[in-house]
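The values are calculated or read from the model by the stated rules, or taken from the named source; none is laboratory data. Bear in mind that the values here come from a model prediction, so they are computed numbers and not experimental data. Counting neighbours? That spans all protein chains shown, and the Cβs are built from the backbone with ideal geometry, glycine included. Just so you know, the surface numbers come from the protein's heavy atoms only, side chains and all, with ligands and any DNA or RNA stripped out. Shrake-Rupley method; radii C 1.70, N 1.55, O 1.52, S 1.80 Å.
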Amino acid sequence: MSTSGDESSGPDTLAAPGPPVDDVPPSGQVPASILLNGGQTRIPRWPIYADSPGKVDRLLVYWRRGTTTDTVYDQNKQGPIMETEFVIPLPASLWAGDGVAYLSYKVIPIAPPGNGFTTNDTILYIDHSVVPLPELLGVSFLYTTPMNYLNCGTLPPIWDGVFIRIPYQGFREGDECVLTWRAYTSLTPAPQNYIDGTEGVFTHQLSRAEAEDPQGFIMPPIPFATYIEPLLFGCGSAQYKIRRRPGGFIGESELRWVKVDRYLPGTAEPCGP
């Protein structure tokens with residue numbers, strides 16, 4: 001029988017460490033998969049357990065957030081206990097909201113009674129910013145060639161800016177579109193080829209007409225100065241999020257890019273102002 005028991009019979013024996021949660025690293029940072037789907041903890045069979053008929057241990061698993069402690073599992077284990085561990089589900093509802101959670105368990109021998117066995121806390125850091133946003137449709141670059149280029153011959157000229165359409169997806173009046181643009185010296189947006197200083201983050205609040213237009217809406221053009229002027233040959237990428245006001249982001253698009261060539265055949269200088 002365990003040296004642990006009912007709480008009135010004597011001090012608990014403190015064990016370490018706390019119970020592990022599958023797929024949570026030692027840092028305690030909870031991954032997105034658990035925040036979305038729930039997780040599970042594994043309680044190993046305690047050192048001195050109900051090992052014969054007539055002996056009974058009570059297993060309780062505690063979940064604490066702030067000043068609130070919930071018992072997420074409470075079950076008697078009849079001796080002889082043959083299992084070497086107990087898998088306890090931690091449903092997705094427990095992981096709602098950001099903050100810190102503490103997981104622990106206690107074993108109380110109830111037949112015959114004895115001192116209790118209590119673990120340390122497992123500390124779990126819950127941050128929903130790691131959860132991927134739902135995917136929105138990618139942007140369309142306007143006025144490009146059939147090969148998806150902006151060049152010296154496309155109209156309006158590239159120095160008037162890059163025009164980007166956001167597809168219709170049932171947005172609402174007042175939603176904010178937050179679009180990020182970057183330029184690269186390659187025809188695909190390879191991070192090692194990023195042109196320093198060309199990142200721009202542009203926020204546009206949707207009117208009712210823009211939100212309800214089945215053709216989508218066009219963002220204000222990406223300005224030539226700073227964001228496009230250093231781009232002579234390569235590409236520019238665009239990706240956006242939609243923020244619902246008041247509230248957080250409701251989705252993020254896939255990354256798309258447009259190829260740029262500001263050299264005319266046989267010329268050494270790029271086109272532009």
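Okay, residues lined up against (1) farther than 16 Å from V139 by Cα; (2) over 28 Å from the mean Cα position of the chain (by Cα); (3) at pLDDT below 95:
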residue	(1), (2), (3)
F202	no, no, no
S207	yes, yes, no
P221	no, yes, no
Y227	yes, yes, no
P230	yes, yes, no
G236	no, no, no
P246	yes, no, yes
I250	yes, no, yes
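Of all the residues that make up the stretch 35-55, how many are farther than 16 Å from P17 by Cβ and surrounded by 18 or more Cβ atoms within 10 Å (Cβ to Cβ)? Counting residues in the stretch 35-55 that are farther than 16 Å from P17 by Cβ and surrounded by 18 or more Cβ atoms within 10 Å (Cβ to Cβ) gives 5.
With the structure loaded, tell me whether V131 is at pLDDT below 95 and either open to solvent by 80 Å² or more (accessible area, probe 1.4 Å) or over 17 Å from R256 (Cβ atoms) (or both) or whether it fails that test. Give the steps one after another, and end with the answer.
Numbers: at pLDDT below 95: yes; either open to solvent by 80 Å² or more (accessible area, probe 1.4 Å) or over 17 Å from R256 (Cβ atoms) (or both): yes.
Here the answer is yes, as V131 does meet what is asked.
Just checking, which of Y194, Y263, Y184 is more than 21 Å from P132 (Cα to Cα), under 30 Å from the mean Cα position of the chain (by Cα), open to solvent by 30 Å² or more (accessible area, probe 1.4 Å) and not charged (D, E, K, R)? Can you show your working first?
Values: Y263 fails: under 30 Å from the mean Cα position of the chain (by Cα); Y184 fails: open to solvent by 30 Å² or more (accessible area, probe 1.4 Å).
Being more than 21 Å from P132 (Cα to Cα), under 30 Å from the mean Cα position of the chain (by Cα), open to solvent by 30 Å² or more (accessible area, probe 1.4 Å) and not charged (D, E, K, R) holds for just one of Y194, Y263, Y184, which is Y194.
Against the list (1) exposed (fewer than 14 other Cβ atoms within 10 Å of the Cβ); (2) in a loop (DSSP other than H, G, I, E, B), the condition I123 fails is (2). Contact annotation: residue pairs with Cβ atoms under 9 Å, 6 or more positions apart or on different chains, pairing a residue in the stretch 68-83 that is crowded, with 16+ Cβ neighbours inside 10 Å with a partner that is among the small types (G, A, S) and assigned to a strand (DSSP E or B), are G79/A111.
Please find, among E252, E210, the residue that is closer than 13 Å to R165 by Cα and of a type in the set (D, E). Please lay out each step first, then the result.
Working: E252 fails: closer than 13 Å to R165 by Cα.
Step by step, each of E252, E210 is checked, and only E210 is closer than 13 Å to R165 by Cα and of a type in the set (D, E).
The set of residues from the stretch 126-179 being assigned to a loop (DSSP other than H, G, I, E, B), closer than 15 Å to I228 by Cα and aromatic (F, W, Y) comprises just one member, F163.
Among residues of the stretch 17-33 that are open to solvent by less than 20 Å² (accessible area, probe 1.4 Å), those with a Cβ under 7 angstrom from a residue that is acidic (D, E), sequence gap 6+ or separate chain, pair up as G18/D121.
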